[in-house]
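Participant: To start, I am sharing the structure in question, which I have written as structure tokens.
Throughout, read-outs are computed from the coordinates displayed, never taken from laboratory work. Fair warning: this is a prediction, and the values are worked out from it, not measured in the lab. As a convention, Cβ positions derive from the backbone with ideal geometry for all residues, glycine included, and neighbour counts pool all protein chains shown.
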Amino acid sequence: MSSGVAEVSPAYLSDVTSTTIPVGYKQTEVGVIPEDWKVTTVGKVVSITTGNKNTQDKVADGLYPFFVRSQHVERINSYSFDGEGVLTAGDGVGTGKIFHHIDGKFDFHQRTYLMYNFGDELDGYYFYIYFSNNFFDRIMSMTAKSSVDSVRREMIAEMLMVMPPKAEQTAIANALSDIDTLISELEKLIAKKQAIKTATMQQLLTGRTRLPQFALRADGLRKGTKPSELGEIPEDWEVDSIGNLISITTGSRNTQDRIEDGTYPFFVRSQTVERINTFSFDGEAVLTAGDGVGTGKIFHYINGKFDFHQRVYLMYNFGEKVDGYFFYIFFSSNFYERIMSMTAKSSVDSVRREMITDMKMLLPIKEEQTCIATILSDMDEEIQTLEQRLSKTRQIKLGMMQELLTGKTRLVHPLNKESQYG
């Protein structure tokens, strides 16, 4: 089988909307595809069934995977299927968005659809990729609503799909499986780095672990601890109210003041930073939403020119006792717990100024704060770099799927005998 990539001529890309069909391609009900590909329906190439289990049948440490109407895979001690299958939720909040591929023993929910029996012409993983990337559009086209409540069998069985020759399906599946593996490994690495950062924060922000240069007294003995209103803390740390340490204000802008390509950052009540052409502050600051769905969970650190919403709190003027980034880390790690302790509800509607000013914080000497902040900032930068790489890899995968699943780019040359249907 040829390993070369056969690129479609430039005419394909420029004439997509014209009536000209490139040589080697044909017009079908799903658009222009390679002439050696075929269009069929899912029901003609796979078997479809549902399970007979309920969610309460799950077992915490069960022997086998148990597929329910969720992206999360439960466990169970029974299996009703042994082989390769693709599963999707039949109803629930994830309808049309939940998909699994497996090859082995498993059980599945009575409202989960299993597609199996792929036969000699269909690669199971290719089917998983094609189905999971087209089924939501399929069911959305069948309803006037913005979501669908349940899947009927015919929604699956009558769905059109394109089938390259088996060898090309396998090549496409292998290419996309490789990038899926890379994405999975990046996700695991990011989760590991985030766990390490969380543990490091917990140790350094409470003084349970001291950096070596701050751990000893002048006589060489290890520093001890002392009681405080926040519990046992290092003997050379202080506790003070945030209102005694910094200045606090709110902005004067509304969300509609944003400008798409504005010159400066514009902080609203969201984790997304908008843009604007004005700035009302120039310096180091920490910001948090004063109300909205992200109350107590949205935090920003900046040092420069920006503007901010009238219901966003700005904390600044850190002075000689507080390192700005250390404050950001401490505040963003503890403020949600602080406001939750002040309400009997499971969420809070808005932040009052005294919720911030009266909040107590631990204060190492400023030099130690800066060292702690530097360590945690370096960890943040490493995680952000990995997240950017993950985002780019996901974009690459989307581009690859667009090319490979439509035949715009060929992984198996159409003249290669291995690429023909047997």
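Participant: Can you spot the aspartates and glutamates whose alpha carbon is less than 18 Å from Lys105's alpha carbon? Ignore those fewer than 8 places along the same chain.
Facilitator: Asp57, Asp61, Glu74, Asp82, Glu84
Participant: Enumerate the whole-percent occupancy of each 5 Å bin, from 0 to the last occupied one, for all C-alpha pair distances of region 190-313.
Facilitator: The calculated distribution, bin by bin, is 2, 9, 14, 14, 13, 13, 13, 10, 6, 4, 2, 0, 0.
Participant: While we're here: Charges at C-beta only: +1 for Lys and Arg, -1 for Asp and Glu. How large is the resulting dipole of the chain about its Cα centre, in Debye rounded to 20?
Facilitator: Numbers: 46 positive and 55 negative charges, 131 e Å.
Result for the chain is approximately 640 debye, rounded to the nearest 20.
Participant: Excluding same-chain residues fewer than 8 positions from Lys26, which lysines have a Cα within less than 25 Å of its Cα?
Facilitator: Those lysines meeting the cut-off are Lys38, Lys44, Lys166, Lys408, Lys417.
Participant: Given an 8 Å cut-off on Cα distances and at least 6 residues of separation, report the relative contact order of region 238-363 as a percent.
Facilitator: Values: 262 pairs, mean separation 41.4, N = 126.
33 percent.
Participant: I'm checking a number: the convex hull volume of the Cα atoms of region 38-163, normalised per residue, in Å³. What is it?
Facilitator: Numbers: hull volume 11.6 nm³, N = 126.
With only Cα atoms used, region 38-163 gives 92 Å³ per residue.
Participant: Provide the FRET efficiency to the nearest 0.05 for the Met342-Ile48 pair, computing r from the beta carbons and using R0 = 51 Å.
Facilitator: Working: r = 53 Å, r/R0 = 1.03.
Computed FRET efficiency for Met342 and Ile48 comes out at 0.45.
Participant: Under 8 Å for C-alpha pairs, at least 6 residues apart: give me the relative contact order for the chain, rounded to a whole percent. Can you show the working numbers first?
Facilitator: Details: 718 pairs, mean separation 71.2, N = 422.
Normalised by residue count, the contact order of the chain is 17 percent.
Participant: Suppose every Lys and Arg Cβ carries +1 and every Asp and Glu Cβ carries -1, with no other charges. What dipole size does region 135-237 come out with about its Cα centre, to the nearest 20 debye? Working shown, then result.
Facilitator: Working: 15 positive and 14 negative charges, 86 e Å.
In total the dipole reaches around 420 debye.
Participant: Here's a follow-up. When the distances between all Cα atoms of the chain are binned every 10 Å from zero, what whole-number percent does each bin get?
Facilitator: 4, 15, 19, 19, 17, 15, 7, 2, 0
Participant: Against the longest alpha carbon principal axis of the chain, how many degrees, from 0 to 90 and to the nearest 10, is the axis of helix 124-140 turned?
Facilitator: Between the helix axis and the principal axis of the chain, the angle is about 80 degrees.
Participant: Residue farthest toward the positive end of the dipole of the chain, with Cβ of Lys/Arg at +1 and Asp/Glu at -1: which of Met315, Ile356, Tyr125?
Facilitator: Ile356
Participant: Still on this structure, I have one more. For Arg152 and Ser333, calculate 0.36 nm times their separation in residues minus their Cα-Cα distance, and state this gained length in nm to one decimal. Write out the running numbers ahead of the final one.
Facilitator: On the way: separation 181, 0.36 × 181 = 65.16 nm, distance 4.57 nm.
Result: 60.6 nm gained on full extension.
Participant: Let me ask something else about it. Output ³J(HN,Hα) for region 205-221: one whole-Hz value per residue in order, computed from phi by the Karplus curve 6.51 cos²θ - 1.76 cosθ + 1.60 with θ = phi - 60°, and x for Gly and Pro.
Facilitator: So the Karplus estimates, Gly and Pro as x, are 6, 9, x, 5, 10, 9, 5, x, 6, 10, 8, 10, 6, 4, 7, x, 7 Hz.
Participant: What is the Cα centroid distance between region 89-130 and region 271-309, reported in whole angstrom?
Facilitator: Measuring centre to centre over Cα atoms gives 44 Å.
Participant: Of Tyr113, Ser280, Val162, which is farthest on the positive side of the dipole of the chain, counting Cα position, with +1 on Lys and Arg Cβ, -1 on Asp and Glu Cβ, and the Cα centre as origin?
Facilitator: Tyr113
Participant: Cβ under 12 Å from Asn117's Cβ, Asn117 left aside: what net charge do those residues give with Lys, Arg +1 and Asp, Glu -1? Please report the intermediate quantities before stating the final value.
Facilitator: Values: positive: Lys44; negative: Glu84, Asp120, Glu121.
That works out to -2.
Participant: Which entries in the list Lys188/Lys305; Lys97/Lys192; Lys97/Lys392; Lys192/Lys392; Lys188/Lys366 go over 31 Å, if you measure between the two C-alpha atoms of each? Mind dumping the intermediate values first?
Facilitator: Numbers: Lys188/Lys305 36 Å; Lys97/Lys192 26 Å; Lys97/Lys392 22 Å; Lys192/Lys392 20 Å; Lys188/Lys366 35 Å.
Over 31 Å Cα-Cα: Lys188/Lys305; Lys188/Lys366.
Participant: Continuing with this model, one more query. Name the most mobile residue of Arg258, Arg222, Arg111, meaning the one with the largest mean-square fluctuation, in a Gaussian network model of the chain with Cα contacts below 10 Å.
Facilitator: Greatest mean-square fluctuation among the candidates belongs to Arg222.
Participant: Once the Cβ-Cβ distance between Asn317 and Thr393 is put in as r, and R0 is 25 Å, what FRET efficiency do you end up with, to the nearest 0.05? The partial results should precede the final answer.
Facilitator: Numbers: r = 41 Å, r/R0 = 1.66.
Result of the calculation: an efficiency of 0.05.
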